[in-house]
Amino acid sequence: MSGIRNWRRQMGSLLVWWAIVTLVLVLLSAVTSQPVTLVGCGASAVFLIAVGEAGNGLRQRLRRRTRRTG
């Protein structure tokens, strides 16, 4: 049960981040008068979040590795 609850919390967090990043990208496109669709901003937000999560995972893995060896 704890695994499902943890998974839901992680997915909820990612969904909130996706909505915020999408909104920021839409607002930036409106401010700069660039014709961008909501779908395009949503897809870009998914990409940005995926890169950020991958970088965070790599950083944590490297931190654990350096703590073991040093």
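The values are calculated or read from the model by the stated rules, or taken from the named source; none is laboratory data. If you're wondering where the values come from, they're calculated on a predicted model, not measured in any experiment. Heads up, the Cβs are rebuilt from the backbone with ideal geometry, glycines too, and the neighbour counts pull from every protein chain shown.
Name the one entry in T22, T69 that is at pLDDT 95 or above and of a type in the set (S, T, N, Q).
Working: T69 fails: at pLDDT 95 or above.
Criteria check complete, one pass: T22.
Would you please name the residue that is surrounded by the fewest Cβ atoms within 10 Å (Cβ to Cβ), looking only at residues in segment 39-51 that are free of Cβ contacts under 8 Å to residues at least 12 places away in the same chain and either of a type in the set (S, T, Y) or over 13 Å from L14 (Cα atoms) (or both)?
Ranking the candidates gives V39 first.
If you go through segment 22-38 one residue at a time, how many are free of Cβ contacts under 8 Å to residues at least 12 places away in the same chain and either more than 23 Å from G12 (Cα to Cα) or part of a loop (DSSP other than H, G, I, E, B) (or both)?
Going through segment 22-38 one residue at a time, the tally reaches 9.
If we scan segment 19-32, do we find a residue that is among the hydroxyl-bearing types (S, T, Y), more than 13 Å from the chain's Cα centre (by Cα) and loosely packed, with under 13 Cβ neighbours inside 10 Å?
yes
Does segment 39-51 contain any residue that is part of a helix (DSSP H, G or I) and over 18 Å from the mean Cα position of the chain (by Cα)?
No - not one qualifying residue is present in segment 39-51.
For segment 52-70, give me each residue that is in a helix (DSSP H, G or I) and more than 16 Å from Q10 (Cβ to Cβ).
Just the residues of segment 52-70 that are in a helix (DSSP H, G or I), to begin with: 52-69.
Result: G55, L58, R59, R61, L62, R63, R64, R65, T66, R67, R68, T69.
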